[in-house]
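> Below is a structure I'd like to ask you about.
The values are calculated or read from the model by the stated rules, or taken from the named source; none is laboratory data. What you are looking at is a predicted structure, and each value in this text was computed from that prediction instead of being measured. Cβ placement follows ideal geometry from the backbone for every residue including glycine, while neighbour counts extend to all protein chains displayed.
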């Protein structure tokens, strides 16, 4: 039973059904809110999950604990601890390993949208079995404008190309959300009505979200199971990059 550390930057973005999928696959979760709790060392953990939040990856003035999260992510990459970083988590992972994040020039990306696998995903242990264009839930206004040196791009979209990537052999970032429930998304829409208004008509209606989450679960629950297998040492990791990663 792999033990996973889950970093939850925001109360509004809990681990949700991703947590259910991970525990059903055999993982034990320790959820830590870095705004209120000290981050533990990675010793004793076989995997790391970092969730999303409304803050920016470099908003250290308002959220000084962000630097601690970035440091932990860089240590995870350096010590090859399997890592899954979601939305803000992916942006933090990118910055922590030499990438760049900025406010998205194309505006917020909101709603149930498609991403497309890149050729490199075909030989990746987590992404290879995904369909070519899986549905995902988008709700972000920042973008990963430059991937870390040596990172492999695994999925893209027309507006923001860096949708999923791997740093080294076992650290993954996804710009989109896979952890949500319809209730979580509706809460985000209530908290950020200007961004929610940019979704396609009807996409944030409860009935549509319920159906979309059923479809997304068919893809992303097996993905979460593969991450648990990777953390348990039951799934062979990717070869990774031979380049040295700058950890900042």
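> Being touching a residue at least 60 places away in the same chain (Cβ under 8 Å) and not in a strand (DSSP E or B) is the filter; apply it to the range 128-140 and report the residue that is farthest from residue 156 (Cα to Cα).
129
> For residue 42, which of the numbered conditions (1) part of a loop (DSSP other than H, G, I, E, B); (2) under 15 Å from the mean Cα position of the chain (by Cα) fails to hold?
The single condition residue 42 does not satisfy is (2).
> Keeping to the range 76-95, report how many residues are without any contact (Cβ under 8 Å) to a residue 40 or more places away in the chain and assigned to a helix (DSSP H, G or I).
0
> Among the residues of the range 23-36, are any out of contact with any strand residue (DSSP E or B) (no Cβ under 8 Å at 6 or more places or on another chain), closer than 21 Å to residue 188 by Cα and without any contact (Cβ under 8 Å) to a residue 12 or more places away in the chain?
No, there is no match, as no residue in the range 23-36 is out of contact with any strand residue (DSSP E or B) (no Cβ under 8 Å at 6 or more places or on another chain), closer than 21 Å to residue 188 by Cα and without any contact (Cβ under 8 Å) to a residue 12 or more places away in the chain.
> Are there any pairs with C-beta distances below 6 angstrom linking a residue in the range 181-201 that is free of Cβ contacts under 8 Å to residues at least 24 places away in the same chain to a residue that is assigned to a loop (DSSP other than H, G, I, E, B), with the two at least 6 apart or on different chains, and if so which?
Note: pairs meeting the criteria are 189/204.
> Could you grab me the full set of residues in the range 45-54 that are in a loop (DSSP other than H, G, I, E, B) and in contact with a helix residue (DSSP H, G or I) (Cβ under 7 Å, 6 or more places away or on another chain)?
46, 51, 52, 53
> Name the residues in the range 141-161 that are touching a strand residue (DSSP E or B) at 6+ places or on another chain (Cβ under 6 Å) and in contact (Cβ under 8 Å) with a residue 60 or more places away in the chain, would you?
142, 148, 151, 152
> Among the residues of the range 223-248 satisfying the criterion of being surrounded by fewer than 15 Cβ atoms within 10 Å (Cβ to Cβ) and at pLDDT 95 or above, which is nearest to residue 82 (Cα to Cα)?
Result: 233.
> So, one more: Given the structure, is residue 196 farther than 18 Å from residue 130 by Cβ and either at pLDDT 95 or above or out of contact with any helix residue (DSSP H, G or I) (no Cβ under 6 Å at 6 or more places or on another chain) (or both)?
Spelling it out, residue 196 is indeed farther than 18 Å from residue 130 by Cβ and either at pLDDT 95 or above or out of contact with any helix residue (DSSP H, G or I) (no Cβ under 6 Å at 6 or more places or on another chain) (or both).
> Kindly indicate whether residue 68 is part of a helix (DSSP H, G or I), modelled with pLDDT of 95 or more and either surrounded by 23 or more Cβ atoms within 10 Å (Cβ to Cβ) or more than 17 Å from the chain's Cα centre (by Cα) (or both).
In short, yes.
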